[in-house]
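J.: Before I ask anything, here is the structure I am working with.
Throughout, read-outs are computed from the coordinates displayed, never taken from laboratory work. None of these values were measured; they are calculated from a predicted model. Positions of Cβ are backbone-derived with ideal geometry, glycine not excepted, and every protein chain shown enters the neighbour counts.
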Amino acid sequence: MKLDVLADDDAVARAGAAFIAGEARAAVAARGRFTIALSGGRTPWVMLRELAGTANMPWASVHLLQVDERIAPAGDADRNLTHLRESLLDRAPLRPEQVHAMPVEFPDPEVAAARYGATLREVAGTPPVLDLVHLGLGPDGHTASLVPGDPVLGVADADVALTGVYQGRRRMTLTYPVIDRARRILWLVTSAEKAAMLARLRQRDPGIPAGRVRQDAALVLADRAAAGA
């Protein structure tokens, strides 16, 4: 795991956008397309607005997926997709067929999760190998919607699974197997409240969900507050 410490969250957002654009160009040159799964969060939304205005981003060859999503109605403020649309989809030249949102509005969540697993295979092969997975880090050590104490942490036979109720919502999430197969993993970690968990992440502490994610292909972009001492 490589750690880059930047001045503040805006600098983290700009560096994240530049990293994604570079990875996109490299993937398109090597394989003809770029597959990326995005998480939510305030700094990531800034990053995606920056990305939308980035020159030389090969949008025509990008396939965008979600790392996780709350089971909530379309347009709900709790939905990552709502903010993803405002930050990126309304600003970048992505065609509808390039955007693969988690189908959390489907009446049967289990069927919806299986369908998203099939979408991953259609977009990224069998088994799916994403070019880049973007992750965040919660103050409790969760990442994606891999949350402490939830049975989802033990899912090893599916790339997409459902959580129990966490912070008021059930969620759909990518699981460890597909995250760990990604060619690159990008972590964005900002604010002092994440400092203790960032230290545990760097120590590969399996006591937090984030600490169980593969690290050899990971880049962490952190602000000074999160990096602490």
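J.: Place a label point 7 angstrom from the Cα of S191 along the Cα-to-Cβ direction, then list the residues of segment 7-36 whose backbone nitrogen is under 16 Å away.
T.: Inside the label zone: 8-13.
J.: If you place +1 on the Cβ of every Lys and Arg, -1 on the Cβ of every Asp and Glu, and leave all else neutral, what size is the dipole of the chain about its Cα centre, to the nearest 20 Debye?
T.: Working: 27 positive and 27 negative charges, 101 e Å.
Here the size comes out at about 480 debye.
J.: Which helices count as membrane-span-like in the chain under these terms: full DSSP H, at least 20 Å along the axis by C-alpha, Kyte-Doolittle mean of -1.0 or more?
T.: Working: long enough: 9-31 (32 Å, 0.47); 109-124 (22 Å, 0.07).
Qualifying helices, which must be both long enough and hydrophobic enough, are 9-31, 109-124.
J.: Also: Restricting to Cα atoms and excluding each atom paired with itself, what does the Kirkwood estimate give for segment 100-221 in Å?
T.: Numbers: mean 1/r = 0.0674 Å⁻¹.
It is 14.8 Å.
J.: Which order do D4, D157 fall in if you start with the one that has the fewest other Cβ atoms within 10 Å? Show your work: numbers first, answer last.
T.: Working: D4 13, D157 8.
Fewest to most other Cβ atoms nearby, the residues stand as D157, D4.
J.: Now, a different point. Name the residues of segment 1-43 whose amide N is less than 19 Å from a point 7 angstrom out from the Cα of Q215 along the C-beta direction?
T.: It comes to 1-6, nothing else.
J.: Please report the base-10 log of the normalised intensity I(q)/I(0) for segment 1-54, using a Debye sum with one equal scatterer per alpha carbon and no solvent, at each q in 0.22, 0.27, 0.31 (1/Å).
T.: Here log10 of I(q) over I(0) equals -0.89, -1.12, -1.21.
J.: What fraction of the DSSP beta bridges in the chain is antiparallel, stated in percent and rounded to the nearest 5? Could the numbers behind the result be given before it?
T.: Working: 8 of 32 bridges.
Restricted to the chain, the bridges split so that about 25 percent are antiparallel.
J.: With the radius of gyration and the Kirkwood radius both derived from the Cα set of segment 109-150, what is their ratio Rg to Rh? Write down the numbers at each step before the final one.
T.: Values: Rg = 13.0 Å, Rh = 12.1 Å.
Across segment 109-150, the Cα-based Rg/Rh ratio is 1.07.
J.: If you average 1/r across every pair of different Cα atoms in the chain and take the reciprocal, what Kirkwood value do you get, in Å?
T.: On the way: mean 1/r = 0.0573 Å⁻¹.
Mean inverse Cα-Cα distance, inverted, gives 17.5 Å.
J.: Name the most mobile residue of R183, R200, R95, meaning the one with the largest mean-square fluctuation, in a Gaussian network model of the chain with Cα contacts below 10 Å.
T.: Its mean-square fluctuation being the largest, the pick is R95.
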